[in-house]
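The values are calculated or read from the model by the stated rules, or taken from the named source; none is laboratory data. Here the structure is a predicted model, which is why all the values come from computation and not from measurement. Reconstructed Cβ throughout: ideal geometry from the backbone, glycine too, with neighbour counts over all protein chains shown. These area figures cover heavy atoms from the full protein model, side chains too; ligands, DNA and RNA do not enter into them. Shrake-Rupley method; radii C 1.70, N 1.55, O 1.52, S 1.80 Å.
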Amino acid sequence: MTPLAWSVASLPFAADPPSLLPARQMMAFTLGFHIVLVPFGVAFTFLMLIANHRALRLGDRDALTLARRWSHVAAVLFAVGAVSGTVLSFEMGLLWPGLMGRFGAAYGFPFAIEGLFFFLEAIFVAIYIYGWDRMAPWPHFWTGVPVVLAGVGGTASVVAANSWMNRPGGITVEQGRVVDVQPLAVFFNRAFWYETVHMLLAAYMVAGFIVAGVYAAGLLKGRTDRRHRLGLAIPFAVAGVATPLQILVGDVAARAVFEGEPAKFAAIEALPTTGTHVPETLGGVLVGGQVRYGIDVPSGASLLAGFRPSTRIQGLDAIPPQYRPADHLVTTVHLAFDLMVGIGFALLGLSAWFGWLWWRRRAVPQDRWLLRAVSVSGALALLGLWAGWVVTEVGRQPWTVVGLLLTRDAVTTSGNVWPFFVGTLLLYAAVGTGTLLALRELRRRWARGETVEAVDADVPYGPDNHRASEPGMVDTS
């Protein structure tokens with residue numbers, strides 16, 4: 001079970017319906033699975049286009065081969081994401097009828113927009129893959145641009161729905177029912193911008209570091225050819241640029257949470273009581289209303305929240321007892337936030353290390369310790385992504401829509417959810433296994449084709465085939 005599933009599955013209330021626990025676990029597991037695929041739909045296709053563009057502009061045979069191969073991987077993961085995303089859409093209606101029945105008119109609008117982006121992305125993914133053997137180089141390249149743009153738009157739409165749950169607006173509620181919806185105010189809610197940019201940058205970090213890690217592992221195994229060096233350089237450069245931007249955006253987002261979601265911020269800081277000169281607590285657990293085993297940075301939280309030690313931060317004591325999260329839930333949010341921030345700064349240090357060595361040598365660094373660090377950076381980035389979603393989702397509890405709908409009132413009360421959860425686990429195990437087998441087969445096929453003839457065959461409009469029509473294409477091997 002993913003860290004996201006472990007965290008969201010907590011917080012039982014005495015009055016909770018029996019379906020709440022399995023519904024939480026099922027939703028958390030499927031979301032934790034699906035979120036792994038999102039960066040590949042959003043950012044991996046961008047890496048693919050960078051390689052494709054470099055190939056066409058510079059006549060780079062290796063870059064074109066990378067673009068072709070990455071497009072195959074993107075197609076496989078897009079198909080898997082379509083399956084896991086479809087399951088999530090059914091879960092929203094089946095597991096959370098209180099949410100969809102009461103607020104579907106507002107909550108469903110961003111998902112309707114996401115559906116349009118999804119179909120647009122699917123159409124152009126098919127054209128791009130099909131066009132490798134059938135289109136001229138530059139027109140084919142431009143068919144990939146809508147894939148990237150649609151991925152960004154689809155991600156923004158889903159984040160719009162989630163951010164609306166955190167800071168709802170754009171609706172008029174009378175007697176517990178939505179009587180008026182302002183679609184643009186729902187979509188572009190008060191949390192939309194910082195959550196969307198934060199998620200998009202996270203996607204570019206995850207995709208970039210994972211792909212770079214694959215090629216770093218290859219270099220460590222002695223595959224020091226130019227294609228592996230280029231396969232490391234392109235994604236790492238994108239992730240390395242995204243990382244400092246992410247830290248800046250994360251700082252802005254944390255301050256926005258402080259101003260607009262004080263209960264979540266109190267959980268992030270594991271702050272029992274309201275006060276000023278609040279320390280920044282690193283680590284620690286909340287037990288009996290007191291933080292233990294943490295390291296305090298004097299006035300750190302107040303300085304980060306309001307730029308001065310006298311900044312007043314609302315604590316957990318300001319939350320009405322019936323809505324106050326349990327200690328273990330606060331600890332989960334607090335540690336997830338610390339983990340996310342710690343990973344972000346670790347990846348920033350790795351990016352600076354890589355950049356320094358590249359600046360000194362003007363070549364992809366071959367330092368083995370650096371390559372070892374890069375090879376695990378993708379796993380760290382993914383763990384940071386999971387931790388961020390734990391903060392977002394668990395930090396909102398016990399609310400599904402903050403101030404309007406409790407999670408225990410949103411969940412289904414019909415039937416036994418546990419069998420459906422087990423069935424979902426089996427389905428996702430089969431899908432995950434099939435995905436790994438498909439990717440492994442692609443890798444084996446490429447490994448068997450490491451001859452010049454096979455490379456030429458794998459690049460349909462390479463320099464040898466289109467030198468007359470593309471005078472800029474030259475052999476760089």
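Out of all the residues in the range 316-344, which are hydrophobic (A, V, I, L, M, F, W, C), closer than 21 Å to ASP296 by Cβ and either within 22 Å of the chain's Cα centre (by Cα) or not in a helix (DSSP H, G or I) (or both)?
Hits for the range 316-344 are VAL333, LEU335, ALA336, PHE337, LEU339, MET340, VAL341.
For residues in the range 118-154 being under 21 Å from PHE187 (Cβ atoms) and touching a Pro at 6+ places or on another chain (Cβ under 9 Å), which is least open to solvent (accessible area, probe 1.4 Å)?
Per the stated criteria, the residue is GLU121.
Mind listing whichever residues of the range 316-350 are aliphatic (A, V, I, L, M), open to solvent by 50 Å² or more (accessible area, probe 1.4 Å) and under 21 Å from GLU259 (Cβ atoms)?
ALA318, VAL341, listed by residue number.
Please work out which one of (1) at pLDDT below 95; (2) of a type in the set (Gly, Ala, Ser); (3) open to solvent by 50 Å² or more (accessible area, probe 1.4 Å); (4) in a helix (DSSP H, G or I) is the condition SER414 fails and give its number.
Evaluating SER414 over (1) at pLDDT below 95; (2) of a type in the set (Gly, Ala, Ser); (3) open to solvent by 50 Å² or more (accessible area, probe 1.4 Å); (4) in a helix (DSSP H, G or I) leaves (4) as the failure.
Here are the criteria: (1) over 19 Å from the mean Cα position of the chain (by Cα); (2) more than 19 Å from ARG229 (Cα to Cα). Tell me which single one VAL76 does not satisfy.
In the conditions (1) over 19 Å from the mean Cα position of the chain (by Cα); (2) more than 19 Å from ARG229 (Cα to Cα), VAL76 misses (1) alone.
Working only within the range 342-357, note down all residues that are touching a residue at least 12 places away in the same chain (Cβ under 8 Å) and farther than 17 Å from LEU201 by Cβ.
Once the filter is applied, which keeps residues that are touching a residue at least 12 places away in the same chain (Cβ under 8 Å) and farther than 17 Å from LEU201 by Cβ, the range 342-357 yields TRP353, PHE354, GLY355, LEU357.
Here are some residues: VAL257, VAL241. Which one is open to solvent by 70 Å² or more (accessible area, probe 1.4 Å), modelled with pLDDT of 95 or more and under 27 Å from LEU348 (Cα atoms)?
Among VAL257, VAL241, only VAL241 is open to solvent by 70 Å² or more (accessible area, probe 1.4 Å), modelled with pLDDT of 95 or more and under 27 Å from LEU348 (Cα atoms).
Kindly evaluate LYS221 against the criterion of being in contact (Cβ under 8 Å) with a residue 12 or more places away in the chain, more than 23 Å from LEU348 (Cβ to Cβ) and charged (D, E, K, R).
Details: in contact (Cβ under 8 Å) with a residue 12 or more places away in the chain: no; more than 23 Å from LEU348 (Cβ to Cβ): yes; charged (D, E, K, R): yes.
Answer is no for this residue.
Which is open to solvent by less than 20 Å² (accessible area, probe 1.4 Å) and out of contact with any Pro (no Cβ under 8 Å at 6 or more places or on another chain), of GLY288, GLY284, GLY294?
Result: GLY284 is the single residue among GLY288, GLY284, GLY294 that is open to solvent by less than 20 Å² (accessible area, probe 1.4 Å) and out of contact with any Pro (no Cβ under 8 Å at 6 or more places or on another chain).
Within the range 158-167, is there a residue that is more than 26 Å from VAL257 (Cα to Cα), open to solvent by less than 20 Å² (accessible area, probe 1.4 Å) and of a type outside the set (Asp, Glu)?
no
Could you tell me which residue of the range 185-218 is most open to solvent (accessible area, probe 1.4 Å), considering only residues that are without any contact (Cβ under 8 Å) to a residue 40 or more places away in the chain and assigned to a helix (DSSP H, G or I)?
Going through the range 185-218, the residues without any contact (Cβ under 8 Å) to a residue 40 or more places away in the chain turn out to be 185, 188-189, 192-193, 215, 218.
Then drop every residue that is not assigned to a helix (DSSP H, G or I), which leaves 185, 192-193, 215, 218.
On the way: ALA185: 37, PHE192: 7, TRP193: 161, TYR215: 38, GLY218: 3 Å².
This residue is TRP193.
Here is a list: GLY59, GLY41, GLY81. Which entry is at positive phi, open to solvent by less than 30 Å² (accessible area, probe 1.4 Å) and touching a Gly at 6+ places or on another chain (Cβ under 7 Å)?
GLY59
Identify, by number, the condition in (1) open to solvent by 50 Å² or more (accessible area, probe 1.4 Å); (2) at positive phi; (3) of a type outside the set (A, V, I, L, M) that GLU174 doesn't meet.
Against the list (1) open to solvent by 50 Å² or more (accessible area, probe 1.4 Å); (2) at positive phi; (3) of a type outside the set (A, V, I, L, M), GLU174 comes up short only on (2).
To keep it simple, each residue is scored yes or no on (1) surrounded by fewer than 21 Cβ atoms within 10 Å (Cβ to Cβ); (2) in contact with a strand residue (DSSP E or B) (Cβ under 6 Å, 6 or more places away or on another chain); (3) at pLDDT 90 or above; (4) within 19 Å of GLY231 (Cα to Cα).
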{"residue": "GLY384", "(1), (2), (3), (4)": "no, no, yes, no"}
{"residue": "ARG396", "(1), (2), (3), (4)": "no, no, yes, no"}
{"residue": "TRP418", "(1), (2), (3), (4)": "yes, no, yes, no"}
{"residue": "TYR428", "(1), (2), (3), (4)": "yes, no, yes, no"}
{"residue": "GLY434", "(1), (2), (3), (4)": "yes, no, yes, no"}
{"residue": "ARG448", "(1), (2), (3), (4)": "yes, no, no, yes"}
{"residue": "ALA454", "(1), (2), (3), (4)": "yes, no, no, yes"}
{"residue": "ASN465", "(1), (2), (3), (4)": "yes, no, no, no"}
{"residue": "MET473", "(1), (2), (3), (4)": "no, no, no, no"}
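Which of the residues spanning the range 306-315 are surrounded by 14 or more Cβ atoms within 10 Å (Cβ to Cβ), of a type outside the set (Val, Ile, Thr) and assigned to a loop (DSSP other than H, G, I, E, B)?
PRO309, GLN314, GLY315
If a residue must be farther than 27 Å from ASN166 by Cα and among the β-branched types (Val, Ile, Thr), how many such residues does the range 400-423 contain?
So the answer is 1.
Of the residues VAL422, VAL394, only one is β-branched (Val, Ile, Thr) and closer than 30 Å to ARG324 by Cα; which?
Sole residue among the options that is β-branched (Val, Ile, Thr) and closer than 30 Å to ARG324 by Cα: VAL394.
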